[in-house]
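To start, the structure under review is shown below, and the notes come after it.
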Amino acid sequence: MIHFKELGLSKEVLQALEQMGFEEPTPIQKETIPHALAGHDVIGQAQTGTGKTAAFGIPMLEKLAIEKRSIQGLVIAPTRELAIQVAEEINRLGRFKKVRALPIYGGQQMGRQIRSLKDGPTIVVATPGRLLDHMKRRTIRLQNVEVVVLDEADEMLNMGFIDDIREILQGIPNERQTLLFSATMPREIRDIATNLMKQPKEVKVKAKEITVENTEQYFIEVSEKQKFDTLTNHLDIHDPELAIVFGRTKRRVDEIAEGLQIRGFKAEGIHGDLTQGKRMSVLNQFKSGRIEILVATDVAARGLDISGVTHVYNFDIPQDPESYVHRIGRTGRAGEMGDAISLVTPREIPHLQMIQQVTKSQIKRLMAPTDQEARRGQQQAAVDKLIETIAKKNLTSYEETAKELLAKHDSAEIIAAALSLLTKERSNRPVRLSAVQPISVKRQSRSNRNRSNRRPRRRNGQRNRRRDNRKRRR
């Protein structure tokens, strides 16, 4: 296990990573970042969902100087959706370095983009066609670019952008650093790597096709503000014997654990800031059942081997499929079945679908439980305790008192009173959590979904010649 701190990153980037909840680099990040920080060109072969944006975004942020009022970093992406998402993530990573990434794409007003470019962004994330338009208008000047990234190069090839890419790269200083990422390596992409990159280091990381057994997987689509109430309602209905709740950040873990305690649950949190003694104390209480709910970050929960965990909750969805499998693997052990429930905001649904595809899992949709269902769940837990007591205990010594009660009161009233005493009444005190950014995944483009029926993109010259021919025929 390696931590981002061990990669020699600046305190500003580490602070941003911590706020985003990323403690441990994914395989593509672990392999790429050291090469890129050392100034090497890099060819990265990796699927969507492996953390590529941070793999190239972090070294770019560490290399560029914000005091220069010029474009120093350029990311080329095949679609405007990808350009927007990459720019958003780089801005989150660079927030404490005060670095700004600007998305540039077709379909947006050219005048608006020109005004934004005059504000002096450090990084531009652009689609090839619109970038070339700006280069020809001289509204984007790339003479100071130090780092160029080609993101999803094979997708740009499939969309007919390969000639545009060559033209763009020829307009950028040769002293640049070039980072190329592609899920596959067709000949044309390999030619770019051979002719327009300098002795690139190759990193090949494929998303593992991992399967999950003995765990029923579910998700609940819910807004960020409703997550906590949804979690507590689900806990009340299903009354897990032992449950682990995963939060993305240390602060998040502390807040969730405190909120659960306020609502009357026996819960504690563990994360990297706890001393080893405190961590072991919490784990021992959890193993013995004195704590019913353990709230944890990914790193703090690594290596946990606790039998009897019936439920795992992804309060915050993890950033990659491997982390997802690691989390839900805390339940469904020793031949027993377990339940894994992910609370997912609407913006995170594509990310969940990617995890489902990579892990070959069937993640079933659940409706968010209501407060009424939660109250019914609390009462059912009390009923179960009564029935268990009837089955297991010798109640002869209580029978005389019971008969006296039945002589004075209705039997339904007596049982209702017993249930009232046994039912855990939850506090209605509001619980507020710090906001976290949703994890977004690069949406699969239409061309990527249907590559077999693709037509190459027509060049402007081809369109003009066909239009002239039609005029002459008239």
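Summary of values
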| item | result |
| --- | --- |
| Condition met for Ala267 (outside the structural domain of Glu31 (by TED's automatic domain parsing), farther than 23 Å from Arg365 by Cα, of a type in the set (Gly, Ala, Ser) and buried (at least 20 other Cβ atoms within 10 Å of the Cβ)) | yes |
| The lone exception for Leu157 - which of (1) under 24 Å from Thr79 (Cβ atoms); (2) over 30 Å from the mean Cα position of the chain (by Cα); (3) not polar (S, T, N, Q) it fails | (2) |
| Qualifying position, being at positive phi and either among the aromatic types (Phe, Trp, Tyr) or surrounded by 18 or more Cβ atoms within 10 Å (Cβ to Cβ) (or both), among Gly57, Gly51, Gly39 | Gly51 |
| Count of residues meeting criterion [in a helix (DSSP H, G or I) and within 10 Å of Ile58 (Cβ to Cβ)] in the range 15-30 | 3 |
| Residue within the range 85-108 that is assigned by TED's automatic domain parsing to the domain that holds Asp133, in contact with an Asp or Glu (Cβ under 8 Å, 6 or more places away or on another chain) and of a type in the set (Phe, Trp, Tyr) present | yes |
| Flag if Glu188 is modelled with pLDDT under 90, in a helix (DSSP H, G or I) and in the same structural domain as Val86 (by TED's automatic domain parsing) | yes |
| Flag for Leu82 being under 20 Å from the mean Cα position of the chain (by Cα) and free of Cβ contacts under 8 Å to residues at least 12 places away in the same chain | no |
| Evaluation of Ile2 against (1) surrounded by 17 or more Cβ atoms within 10 Å (Cβ to Cβ); (2) in contact with a helix residue (DSSP H, G or I) (Cβ under 8 Å, 6 or more places away or on another chain); (3) hydrophobic (A, V, I, L, M, F, W, C) (one fails), failing number | (1) |
| For Lys227: the one exception among (1) in the same structural domain as His326 (by TED's automatic domain parsing); (2) modelled with pLDDT under 90 | (2) |
| Scope the range 333-382; condition among the charged types (D, E, K, R) and over 18 Å from Glu216 (Cα atoms); matching residues | Arg347, Glu348, Asp371, Glu373, Arg375, Arg376 |
| Candidate set: the range 211-230, residues that are touching a helix residue (DSSP H, G or I) at 6+ places or on another chain (Cβ under 8 Å) and closer than 18 Å to Ile363 by Cα; chosen: the one surrounded by the fewest Cβ atoms within 10 Å (Cβ to Cβ) | Thr211 |
| Test: residue in the range 296-307 that is under 20 Å from Glu23 (Cβ atoms), touching a helix residue (DSSP H, G or I) at 6+ places or on another chain (Cβ under 6 Å) and not basic (Lys, Arg) | yes |
| Sole exception among (1) of a type in the set (Val, Ile, Thr); (2) under 24 Å from Ile172 (Cβ atoms); (3) modelled with pLDDT of 90 or more for Thr79, by number | (3) |
| Enumeration of residues in the range 15-28 that are of a type outside the set (A, V, I, L, M) and over 15 Å from Arg92 (Cβ atoms) | Glu23, Glu24, Pro25, Thr26, Pro27 |
| Residue that is modelled with the highest pLDDT [pool: residues in the range 281-305 that are surrounded by fewer than 19 Cβ atoms within 10 Å (Cβ to Cβ) and among the acidic types (Asp, Glu)] | Glu292 |
| Evaluation of Val75 against (1) free of Cβ contacts under 8 Å to residues at least 12 places away in the same chain; (2) of a type in the set (A, V, I, L, M); (3) closer than 25 Å to Glu188 by Cα (one fails), failing number | (1) |
| Options Thr310, Thr345, Thr275: the member that is touching a helix residue (DSSP H, G or I) at 6+ places or on another chain (Cβ under 7 Å) and either of a type in the set (S, T, N, Q) or not assigned by TED's automatic domain parsing to the domain that holds Asp236 (or both) | Thr345 |
| Count of the range 354-365 residues which are buried (at least 16 other Cβ atoms within 10 Å of the Cβ) and in contact (Cβ under 8 Å) with a residue 24 or more places away in the chain | 6 |
| Selection status of Ile33, assigned to a helix (DSSP H, G or I), under 16 Å from the mean Cα position of the chain (by Cα) and hydrophobic (A, V, I, L, M, F, W, C) | no |
| Single condition Asp163 does not satisfy, out of (1) touching a Lys or Arg at 6+ places or on another chain (Cβ under 9 Å); (2) assigned by TED's automatic domain parsing to the domain that holds Ile71; (3) within 26 Å of Gly51 (Cα to Cα) | (3) |
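The values are calculated or read from the model by the stated rules, or taken from the named source; none is laboratory data. Everything quoted here is computed from the prediction, not taken from an experiment. Cβ sites come from the backbone with ideal geometry, for glycine too, and all protein chains shown count toward neighbours.
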